[in-house]
Amino acid sequence: MREGKRRAAGPAVKKSPKRERTRKQKVWRVARWFLAVGLVGALLAGAAFVVLYQAVDIPDPNEDFETQTTFVYFDDGKTELGRFATQNRVSIDLDQMPQSLKDAVVAAENDSFWTDSGIDPVGIVRAAFNNASGNARQGASTITQQYVKVLYLSQEQSYQRKIKEAILSLKVQRQQSKSRILEGYLNTIYFGRGAYGVEAAARAFFERPAKNLDLRQSAVLASVLNNPSRFDPANGKDAREALLGRYQYTLNQMAELEMITEEQAEKAKRRLPKFPEIEAGSTYGDQKGHMLTMVRKELTRLGFDEEEIEGGGLRVTTTFDPEAMAAAKQAVVEERPEGFKDKELHVGVASVEPGTGAVRGFYGGQDYLQSQINWAVSGGQAGSTLKAFALAAAIKDGFSLRDTFDGNSPYELPDGTPVTNQGDASYGSAINMVYATQKSANSAFVDMTMAMDDGPEKVVKMMDAMGVPADDSRNGAGFPSTSPGLEPVATVALGSATVSPINMASGYATIANEGVYAEPFIIEKVVDRGGETRYSHAEEGPEPKRVLDADIAADVSYALQQNVTGGSGTAALALGRPAAGKTGTATNGRDEVSSAWFAGYTPQMATAVMYVRGKGNEQLMGWLPEYFGGSYPARTWTNAMQTMMEGLPVEEFPEPAYVDGDAPTDGHAPYVPPPSPTRKPPPSPQPSSDIESEEPTPTQEPTPTQEPTPTEEPSPTCDILGCGEPTPSEPPPSSPPPSQPTSSATPGAGTTRSASPRGQG
């Protein structure tokens, strides 16, 4: 009997055959699986996006893209001098932008801008696929995305940054209107040529404000922003052709979107607009760099911080007059000796307006891009130009123009130190101060300083009060606010101190303004981006201050006029109107002539000119063809002043008052005519020069009783200055006014000499 499995009781069960799935069923099964996975993935992605959306906050804008350009203007408040900028940007409202520009940008960059949600999902997928394929990374950004990327993110090309960009774009889209987004975008995006935003771009490409752009110009800017380097027509023929293609595309898009008609598009497509020649040159080139550096420093002194100066959108009106600036440069170029350039021969020129203190013009020397030293501010040893302030101090202390002092050379100080006149010339043991000023007699000025109680201190105090700052105690006033080496020593009037041409002109402007000092300034007004006046010199600047009686100023002015009519400053006679001034030279510690000056004024303008060499204290004698203040500096002064005085009325100076106070009398006998000046052999050879020719012998000097009283005019032929004919080397002055006596021309330029080494120039 076979063994086997026993069947269970009941009827037999018949097995059905295994069924095969059809292809359609298999595909559907896979599809259902992918659908389920996709649905789960979408749910997860959506959940992740929601989490990210909640987690990502809109960050603070990138600081650079929030800045606006600060503009600096000349004194008219309209002519641009220069600008300060982190980025060259001027934000304007959307309604200040022409419709053609707004339409062109939307048509070229994002034609669905007004209807989309701020992102382009299809574009993002396409860009992601392209990037995954190993091709160049692509953006696929809407205007909103571009705005978000520029304002809040970096330019990094990464998936993380794109995701964050999309999230922020959706958030910005919900928080801001489309108009606000477009306005922000057009004020932020880079157009090339250093211009951020449409206002800066309109000026950079077409030299006009954005509101004045026409259709062609608008289409160009909308095309350029896509690739500023490739589409800038200034980059050559290839760039111009590339721009033309993009430009035509933009116009076609505008027509297709019915922003313009087909006829308008066809007409505009025929040619690109004209591009004006944009003047090449640096913002800081030539004297502009010196001006802007001064303005920046002064804004800081007035309380504006660096961030506001660089990117606060300020509007700064300066005191600088473009004609006065040009006059200073022209004078230097025309009068300096041929073959001597700015790199080695440094000329500083400065003009300050009497009564206001406004610095109207200056010449700082070498192109700022070549050297940042502004010689109108750095200055040099002042030499005999400081004698004007010593004379003011002496008259205030009780002396008068008639008082006499020792004009012989050498003059010996109490400690035995000798003080010599130029060429060691002696003018007599008792010469009055008009004659001493005309001849620039060092000995007489030192004698006068020593005759005052605490004379050196009083001279320094007078210089400080009139505009030559002794120290930095006046809240930084002056350019600069100190005068290195200005110390109360017996020889202080001889000018070993370092003074800037601006401060020197300021001091002489005080004399021109009849003794009223006006602090020099260069910033008239500052207005912020909102139109609010943040600073006004007229309202907040210091009030002019009387520091010298008007009669004393008139006497000082009278003495300085004699230096022009018959002294070392006769070159200024070519100005053709009343002028007063003083020449000066100084020597360094090696007893070398290291600076040459002429400072002078008319009632309307005070100007100082300084010539120095190398580092500011190197030898001029034997290097320059002429090295005294009455030569190149005086001629430069005259040239500049002729331009600045053109068209202005001729104004006379006040008559001298011959102020006479209660001064010490010991050693100061009544005035007697000085003897013929005698010369002693100089310690080193002196080059021949018409300015250094032999002094004429005075043929007659009046006695004190012959001197005019304050109400009388001095004789036109013989007075307290003496009589005589000019030397052959100097032409006689032509018809001096009755109040100014005819006097001999003088060779002396008042070279400063001292026993102690000088400071640097």
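The values are calculated or read from the model by the stated rules, or taken from the named source; none is laboratory data. Since the structure is predicted, the reported quantities are computational estimates derived from the model, not experimental observations. Note: ideal-geometry Cβ built from the backbone for every residue, glycine included; neighbour counts use all protein chains shown. For the accessible areas, the whole protein counts, side chains as well, though only heavy atoms, and no ligand, DNA or RNA atoms are used. Shrake-Rupley method; radii C 1.70, N 1.55, O 1.52, S 1.80 Å.
Between E256 and F34, the simple label model (points 7 Å from Cα in the Cβ direction) yields a spacing of 3.2 nm. With all protein chains in place and a 1.4 Å probe, the accessible surface of region 198-282 carries 41 percent carbon and sulfur.
Taking one quarter of the surface of the convex hull spanned by the alpha-carbon atoms of region 326-422 gives a direction-averaged projected area of 10.4 nm². Near F598, once Lys and Arg are set to +1 and Asp and Glu to -1 for all other residues with Cβ below 9 Å from its Cβ, the sum equals +2.
Computed from phi, the 3J(HN,Hα) profile of region 307-317 under the Karplus parametrisation 6.51, -1.76, 1.60 (θ = phi - 60°) reads 4, 6, 5, 6, x, x, x, 6, 10, 10, 9 Hz, with x in place of Gly and Pro. Rg and Dmax over the alpha-carbon atoms of region 165-268 stand at 15.0, 44 Å. Taking a ≥ b ≥ c as the square roots of the eigenvalues of the alpha-carbon gyration tensor, region 588-633 is classed prolate because a/c is 1.5 or more and a/b outweighs b/c.
So between K178 and T283, what do we pick up on full extension, going 0.36 nm a residue minus the alpha carbon distance?
34.1 nm
Under 5 Å from the amide H of G567 lie the amide H atoms of T746, each residue being 5 or more positions distant or on a separate chain, with H modelled from the backbone and absent for Pro and chain starts.
Kirkwood Rh over alpha-carbon pairs of region 410-469, then Stokes-Einstein at 25 °C and 0.890 mPa s: what D in µm² s⁻¹, rounded to an integer?
196
Taking amide H positions as modeled 1.01 Å from N, with prolines and chain starts lacking one, the residues under 5 Å from Y363 and 5 or more places away or on another chain are V349, A350. Amide H contacts for E524 (H built 1.01 Å from N in the peptide plane; partners 5 or more residues away or on another chain; cut-off under 5 Å): T317, T318, T319.
Binning all Cα-Cα separations of region 526-650 at 5 Å, short to long from zero, yields these whole-percent fractions: 2, 10, 16, 15, 13, 13, 11, 9, 6, 4, 1, 0. Checking the table K211/K269; K297/K615; K396/K545; K211/K237; K525/K582; K149/K274 against a 25 Å threshold on Cα-Cα, which pairs fail? Among K211/K269; K297/K615; K396/K545; K211/K237; K525/K582; K149/K274, the Cα-Cα distance tops 25 Å for K211/K237; K525/K582; K149/K274.
The HN-Hα couplings worked out from phi for region 205-216 by the Karplus form 6.51 cos²θ - 1.76 cosθ + 1.60 (θ = phi - 60°) are 9, 10, 6, 8, x, 4, 5, 9, 6, 9, 4, 4 Hz, whole numbers, x standing for Gly and Pro.
Each residue was assigned an accessible area with a 1.4 Å probe, and for M645 the value is about 10 Å². Can you give the Kirkwood hydrodynamic radius of region 273-397 from its Cα pairs, in Å with one decimal? Final number for the Kirkwood radius of region 273-397 is 17.2 Å. Per-residue Karplus couplings for region 630-643, computed as 6.51 cos²θ - 1.76 cosθ + 1.60 with θ equal to phi - 60°, are listed in order as x, 9, 4, x, 5, 6, 5, 4, 5, 4, 5, 5, 4, 5 Hz, Gly and Pro entered as x. Extent along the principal axes, Cα only, for region 175-229: 35, 23, 16 Å, with the longest axis given first.
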